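Enquirer: Next up is a structure, given as structure tokens.
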Amino acid sequence: MEKRNANKTKTYLDAFDAYADALYRHAFFRISDGDRAHDLVQDAFVKTWQYEERGGEILDYRAFLYRAINNLIIDEYRRKKPISLDRILDEDNVPEGNFRELVVESEQALPQGVDHDELSLAMEKLPHQYKTAVTMRYLDELSVQEISDILGVNENIVSIQIYRGLKKLRSHLTQNT
């Protein structure tokens, strides 16, 4: 039993070393508050530890931690401004089919030579779900399938959110030039 706990602790610490910085960048980019992002990362690791202590098994720490931090960020947004559940359901009511080609098409259409400050300002203007999908895809370098698993939604919805997010991002960036 003690050896099992030592292995579990080592795995947890290894996950912290491997993912803490990436989770911080993800949270910071999504909420634009360094102190709060740091707190959310700590909360994500605490919740992960508590889950394991209650007997839960984590097969993929990366996916589990991203889901935890994403849920905490969603809670953070909910505290800041109310969002209509009907509106979310309407936006996520996406027809079946493969929409990956939309993402590739929109990636190629982003303006070249955009500086970091312009991009950050444009990202702040994106609706929450689009900002989440674009951040996870391009900042965190997660695949559409990984994002789908983390967010608990269909891959087509993720592809549409990335496409729409990039389209809005492109629109914001071209308005500033």
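Enquirer: Which pairs turn up if I take residues in the stretch 133-157 that are touching a residue at least 12 places away in the same chain (Cβ under 8 Å) and look for partners that are surrounded by fewer than 16 Cβ atoms within 10 Å (Cβ to Cβ) and assigned to a helix (DSSP H, G or I) with beta carbon separation below 8 Å, at least 6 apart in sequence or on another chain?
Expert: Once the first residue is touching a residue at least 12 places away in the same chain (Cβ under 8 Å) and sits in the stretch 133-157, its partners that are surrounded by fewer than 16 Cβ atoms within 10 Å (Cβ to Cβ) and assigned to a helix (DSSP H, G or I) give 139/25; 140/25; 144/100; 146/63; 149/63; 150/63.
Enquirer: For the stretch 67-75, state whether one or more residues are loosely packed, with under 15 Cβ neighbours inside 10 Å and not charged (D, E, K, R). Even if it seems obvious, please write down each step before you answer.
Expert: Filtering the stretch 67-75 down to residues loosely packed, with under 15 Cβ neighbours inside 10 Å leaves 75.
Going one step further and asking which of them are not charged (D, E, K, R), we end up with none.
Within the stretch 67-75 (the criterion being loosely packed, with under 15 Cβ neighbours inside 10 Å and not charged (D, E, K, R)), the answer is no, since none of the residues qualifies.
Enquirer: Here's a check for you: in the stretch 17-57, which residue that is exposed (fewer than 15 other Cβ atoms within 10 Å of the Cβ) and of a type in the set (Gly, Ala, Ser) is modelled with the highest pLDDT?
Expert: 18
Enquirer: Pairs under 8 Å by beta carbon, first residue touching a residue at least 24 places away in the same chain (Cβ under 8 Å) in the stretch 5-20, partner among the acidic types (Asp, Glu), six or more apart or different chains?
Expert: 8/52; 12/52
Enquirer: Tell me whether the stretch 123-131 contains one or more residues that are of a type in the set (Asp, Glu) and under 16 Å from residue 77 (Cβ atoms).
Expert: First, the residues of the stretch 123-131 that are of a type in the set (Asp, Glu): 124.
Next, only the ones that are under 16 Å from residue 77 (Cβ atoms) stay: 124.
Looking for residues that are of a type in the set (Asp, Glu) and under 16 Å from residue 77 (Cβ atoms), one finds at least one in the stretch 123-131, hence yes.
Enquirer: Now for a different question. Of the conditions (1) modelled with pLDDT under 85; (2) outside the structural domain of residue 124 (by TED's automatic domain parsing), residue 103 satisfies every one except a single condition; which number is it?
Expert: Checking residue 103 against (1) modelled with pLDDT under 85; (2) outside the structural domain of residue 124 (by TED's automatic domain parsing), the one that fails is (2).
Enquirer: Could you tell me whether residue 78 is closer than 12 Å to residue 23 by Cα and either at pLDDT 75 or above or within 18 Å of the chain's Cα centre (by Cα) (or both)? Steps first, answer last, please.
Expert: Numbers: closer than 12 Å to residue 23 by Cα: no; either at pLDDT 75 or above or within 18 Å of the chain's Cα centre (by Cα) (or both): yes.
Spelling it out, it is not the case that residue 78 is closer than 12 Å to residue 23 by Cα and either at pLDDT 75 or above or within 18 Å of the chain's Cα centre (by Cα) (or both).
Enquirer: Which count do you get for residues in the stretch 132-152 that are in a loop (DSSP other than H, G, I, E, B) and closer than 20 Å to residue 59 by Cβ? Give the steps one after another, and end with the answer.
Expert: Quick first cut of the stretch 132-152, residues in a loop (DSSP other than H, G, I, E, B) only: 140-143, 152.
Filter again for closer than 20 Å to residue 59 by Cβ, leaving 140, 142-143, 152.
Residues meeting the conditions: 4.
Enquirer: Give the number of residues within the stretch 54-75 that are of a type in the set (Ser, Thr, Tyr) and either under 11 Å from the mean Cα position of the chain (by Cα) or not assigned by TED's automatic domain parsing to the domain that holds residue 7 (or both).
Expert: Quick first cut of the stretch 54-75, residues of a type in the set (Ser, Thr, Tyr) only: 61, 66.
When the remaining residues are screened for being either under 11 Å from the mean Cα position of the chain (by Cα) or not assigned by TED's automatic domain parsing to the domain that holds residue 7 (or both), the result is 66.
Total satisfying the criteria: 1.
Enquirer: Every residue in the stretch 136-172 that is of a type in the set (A, V, I, L, M, F, W, C) and either in the same structural domain as residue 22 (by TED's automatic domain parsing) or under 10 Å from the mean Cα position of the chain (by Cα) (or both), please. Give the derivation first.
Expert: Of the stretch 136-172, the ones of a type in the set (A, V, I, L, M, F, W, C) are 136, 139, 142, 144, 147, 150-151, 153, 157-158, 160, 162, 166, 169.
Scanning the stretch 136-172 gives 136, 139, 142, 147, 150, 151.
The values are calculated or read from the model by the stated rules, or taken from the named source; none is laboratory data. From a predicted model like this one, the values you see are computed outputs, not experimental measurements. Reconstructed Cβ throughout: ideal geometry from the backbone, glycine too, with neighbour counts over all protein chains shown.
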